[in-house]
Amino acid sequence: MEIETILLGIAIVFGFYMAWSIGANDVANAMGTSVGSGALTIKRAVILAAVLEFSGAFFVGSHVSETIRKGIIDPVIFQNDPMDLVYGMMGALLAAALWLQVATYFGWPVSTTHSIVGSVIGFGIIVGGFDSIAWPKVGSIVASWVVSPLMSGSIAFIIFTVLRRKIYYKDDPVAAAKKIVPPLVFIVFLILSLAMVFKGLKNLHLDLGFGEAFLISALVGALASLISFFLVKRIKEEPVTEKIIEKQPEAVFRHIGSAVRHLDKAMKSAKGALRQGLHLVQNDLHSVKETATIDQEIRKSNEAHKTVERIFIYLQILSASFVAFAHGANDVANAVGPLAAVVTVLQTGLINMKSEVPMWILGMGGVGIMIGLATWGWRVMETIGKKITELTPTRGFAAEFAAATTIVIASKLGLPISTTHTLVGAVLGVGLARGIGSLNLRMISDIVVSWVITIPIGAVGAIIFYYILKAIFG
């Protein structure tokens, strides 16, 4: 058996392993919020995500992939010995896949793009030296660690804060929801349609200008908004199971809290009888604050809020589905790109900046993603949905919609972003809107550390596997 045939077989195994790892780690992000909020069970989330990710990867995935992901190394360094590219890409696939599996085991959501980029940097330095690396591009990728979560987190914070004030703090939350949902649905479909064009369908080379894409997306949004208008009119609030004596406006709680803080400051400076009098007032005010807080908690448990949450279940599942499809279309390239480069060199002996991706490779990538999601995807789903902050359908919707909005903005501006970092940042933004105490800071620190070490671990692993492969087959 020829060495080329053996290498091709090994490369296919490594490519499938990488696709499995993408499914186990990256794909789980899209459905994690839906599972955490209770909008979907893990089983249903896995089935829905598997169908959407495979559809995106197989039907819309790129048929022409970059030979070297993100153009971070100069292909000229492989002209003298094209087999160096074969050993390097195979090593990169194995190193990235192994790191993704380790991260998935611990439930850390890391970027598959950063994993493969770090691996490519590693063997690129060994073959061509530090000068062969496009460091400005690497710098922009590292910058996305900050840009992605900061942008999506800010948007999620704003969306959730607006929803709370426009719906949950109203005396009749269901009526408020019925007013705000149709225009909200218009915005949601507008953004998600744009996300699909710029992120999910870019591989079809539709070449739509922003004006055309915006017009089509606006029409889709208008139609969806009209349908939602008639659907929400039919929603009836479930009977209230707990009588509410008084419904206090939000401003009451804010001003009582302010009064308590000012009185506490006065107490520190007061003396004698005045101090004693202020102490009595302080006790009464604290009692009033406690009573008001209990009333607020009772109000939050009102069945009306449950009715509103049911409305947002559908919006959350919809937004998560769009993100999953777009992810499958775009990020399958992290597995099939390096594999396509290996296949091209082994079959032709030539190095091209772009390589044709056969349908069987796209199909293999899609199947690998599905199996990875079905077997280990629950680990990262639990982290995204339950271990960062407590999620409800409204909070999950705010996070997913913020992530899709960030994808649109970043794609239009040409900013490098990570889908993983974007979604994690959005969940953090929702948690911050409820206060820093609602966040699991230990889990967040573990996630951030895993982001930082992804590129260097990928680089070291690729170097080791490059030398091993070259020693065996070189």
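The values are calculated or read from the model by the stated rules, or taken from the named source; none is laboratory data. These figures come from a predicted structure and were not determined experimentally. Cβ coordinates were reconstructed from backbone atoms using ideal geometry, including for glycine residues, and neighbour counts include every protein chain displayed.
What the table shows:
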item: In the range 377-399, the residues that are hydrophobic (A, V, I, L, M, F, W, C) and in contact (Cβ under 8 Å) with a residue 60 or more places away in the chain; result: W378, V380, M381, I384, L391, F397, A398, A399
item: Flag if V117 is at pLDDT below 90 and among the hydrophobic types (A, V, I, L, M, F, W, C); result: yes
item: Scope the range 266-279; condition modelled with pLDDT under 75 and exposed (fewer than 10 other Cβ atoms within 10 Å of the Cβ); matching residues; result: A273
item: The lone exception for P136 - which of (1) buried (at least 20 other Cβ atoms within 10 Å of the Cβ); (2) farther than 16 Å from E309 by Cα it fails; result: (1)
item: Matching option when the condition is modelled with pLDDT under 80, out of contact with any His (no Cβ under 6 Å at 6 or more places or on another chain) and assigned by TED's automatic domain parsing to the domain that holds I167, among D295, D331; result: D331
item: Sole exception among (1) within 16 Å of the chain's Cα centre (by Cα); (2) under 21 Å from T394 (Cβ atoms) for T41, by number; result: (1)
item: Residue among A402, A341, A374 that is within 16 Å of the chain's Cα centre (by Cα), assigned to a helix (DSSP H, G or I) and either touching a residue at least 60 places away in the same chain (Cβ under 8 Å) or not assigned by TED's automatic domain parsing to the domain that holds G9 (or both); result: A402
item: Residue satisfying all of: in the range 232-243; surrounded by 14 or more Cβ atoms within 10 Å (Cβ to Cβ) and of a type in the set (A, V, I, L, M, F, W, C); modelled with the highest pLDDT among these; result: V232
item: Filter result for the condition that a residue is more than 16 Å from P109 (Cβ to Cβ) and surrounded by 24 or more Cβ atoms within 10 Å (Cβ to Cβ), over T383, T394; result: T394
item: Pick from the range 429-443, criterion among the hydrophobic types (A, V, I, L, M, F, W, C) and assigned to a helix (DSSP H, G or I), ranking: surrounded by the most Cβ atoms within 10 Å (Cβ to Cβ); result: V430
item: Every residue from the range 33-61 that is over 21 Å from A335 (Cβ atoms) and crowded, with 21+ Cβ neighbours inside 10 Å; result: T33, S34, V35, G36, S37, A39, L40, A45
